[in-house]
Each structure stands twice: as C-alpha cells, then as structure tokens.
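These notes are about the structure you will find just below.
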Amino acid sequence: MRPISRRIIGLGVISSLASMTSPTFANPTPTAKCRFLGQKTTFKGKLYTCIKGKSKGKTILKWDSGKVIPVASPSTSQTPTPSPSSSQTVSPEPVIVKRSEIPIGKSSEVPTNSTQSFTAKNSNGNETKYILARNSEGLIAMDATCPHQGCTVAIAAAGLLCPCHSALFDPKNGAVLRGPASYPLNRFEVREAEGVIFITD
C-alpha cells in the first residue's frame with residue numbers, strides 16, 4: 001500500500017505544478033486598447049488605468065496592474081433567516097470613475113478660429129496638457145497626448161504635430177490627418193461660465 005500511496009501523491013504534485021504553470025494562470029490584460037493617459041476600463045473583476053511605460057527605450061501607453069473591484073457578498077450568518085432576500089445573490093456595485101470639472105483658462109485666451117494649449121492638473125492630480133480650439137460652431141477641448149505612443153502633440157502650421165513619429169491631427173477636431181496614429185485625439189466635455197473655460201476630465 002505504501003508504494004501506491006507515494007505514486008498517487010507524486011502524480012498529484014506533478015498535476016498541481018502543471019496547472020500552476022498553465023497559461024490560464026498568467027496575469028491577463030484588458031482586451032480594450034490603451035488609447036490615452038487616465039483612460040479606465042474594467043476587465044475580469046479589475047479596474048485598469050492607462051499609464052505611460054517603457055518598451056525598448058520608447059515611451060508607450062499601457063495598462064497598469066489593475067485594482068480588484070470589491071464585490072459585496074451576502075451575510076454568512078449561521079442562523080437561517082426567514083427573509084426571502086437571503087436567497088438572492090448580491091450583484092456587484094457599478095464602478096464609478098471619478099471625473100471632475102477643471103478650470104483651464106479664460107475665454108478671452110481662445111478667440112474664434114484659434115487653437116491654444118493649456119496645462120492643468122487632471123482629476124488624478126497629474127499635470128496634463130490640453131488643446132482648446134474655437135471655431136464658428138463653438139469650443140472644443142482635446143487631450144494633447146498622441147494616442148500612438150503617448151507623446152505630447154504641439155501646435156504647428158500644418159496642425160497638431162506629434163514630435164515622436166510625425167503623426168498629424170486636425171486642430172479643429174483632433175481627427176487624424178497623417179499616421180502612424182490610428183485614433184483621433186481624445187475629446188473632453190467643455191463649458192464656459194463667467195469668462196472661464198472648464199473641462200470635465
């Protein structure tokens with residue numbers, strides 16, 4: 001009996017090690033594309049935030065390691081309660097991404113048919129550059145972060161130019177005019193009150 005027990009135990013250890021090294025235990029990352037700094041997404045019970053990182057010496061946008069989203073669990077009281085709600089499953093609370101209104105500058109600083117850049121702290125407290133453009137239709141607010149690899153675009157004669165790989169964006173709406181960027185600049189809600197421009201980030 002002893003040799004058989006050892007053999008069974010050995011097989012159990014080997015199968016446990018094999019399951020631990022299986023790819024299913026690898027740390028998964030969100031399937032959504034990390035397009036701009038501060039972007040948030042949920043994936044397999046975690047909240048991920050888009051951050052800057054390094055890859056082969058270049059600055060890229062990538063997802064952080066993610067934060068586990070707490071899930072409310074029903075009470076484990078030993079005495080059964082007659083309430084019918086005890087048999088119901090408690091659904092997790094929705095994830096609320098904190099957004100706040102940020103004062104960017106004065107309305108007079110962005111006249112009609114002009115594009116200006118401003119720097120302010122976003123809702124996470126990080127210094128962020130924004131692009132504001134005003135045309136006949138109104139005011140537009142854009143993130144100055146290039147969605148290609150996270151470089152900061154600058155206002156140039158041809159448009160909004162990324163200094164890293166020469167991607168070019170339309171200063172009127174952030175649309176891609178020239179690659180390698182595949183996505184437009186991220187847009188923000190914007191409003192004006194008492195001569196001050198506010199964006200929601």
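Every number here is computed from the coordinates shown, using simple stated rules; none is lab data. A quick note: this is a predicted structure, and the numbers were derived from the prediction, not measured. FYI the Cβ positions are ideal-geometry reconstructions off the backbone, even for glycines, and counts take in every protein chain you see.
With r as the distance between the Cβ atoms of Asn126 and Ala193 and R0 = 30 Å, compute the FRET efficiency 1/(1 + (r/R0)^6) and round to 0.05. So the FRET efficiency works out to roughly 0.80. If the chain linking Lys40 and Ala158 were pulled fully straight, counting 0.36 nm for each residue of separation and taking away their Cα-Cα distance, it would gain 39.3 nm.
Report, in listed order, any pair from Lys54/Lys129; Lys67/Lys129; Lys67/Lys106; Lys62/Lys106; Lys129/Lys172 with a Cα-Cα distance greater than 28 Å. It would help to have the intermediate numbers written out before the result.
On the way: Lys54/Lys129 20 Å; Lys67/Lys129 26 Å; Lys67/Lys106 37 Å; Lys62/Lys106 33 Å; Lys129/Lys172 17 Å.
In this structure, Lys67/Lys106; Lys62/Lys106 lie more than 28 Å apart at Cα.
Note on segment 141-201: with charges restricted to the Cβ of Lys and Arg (+1) and Asp and Glu (-1), its dipole about the Cα centre is near 280 debye.
Amide H contacts for Thr128 (H built 1.01 Å from N in the peptide plane; partners 5 or more residues away or on another chain; cut-off under 5 Å): Ala120, Lys121, Asn122. Neighbours of Gly195 by Cβ distance under 11 Å: Lys/Arg scored +1, Asp/Glu scored -1, total -2. Within straight-line reach of Lys46, meaning a Cα separation under 18 Å, sit the following aspartates and glutamates at least 8 residues removed in sequence or on another chain: Asp64, Glu93. Comparing segment 97-162 with the 2.2 N^0.38 Å rule of thumb, its C-alpha radius of gyration ratio is 1.16 (two decimals). Applying 0.36 nm per residue to the separation of Ser182 and Ser100 and subtracting their alpha-carbon distance, the gain on full extension is 26.7 nm.
Which of Arg187, Arg134 comes first, and how do the rest follow, when ranked by fewest Cβ neighbours within 10 Å? Mind showing how you got there, number by number?
Values: Arg187 14, Arg134 20.
The most exposed by this proxy come first: Arg187, Arg134.
Close amide H contacts of Gly105 (hydrogens built in the peptide plane, cut-off under 5 Å, sequence separation of 5 or more or a different chain): Ile197.
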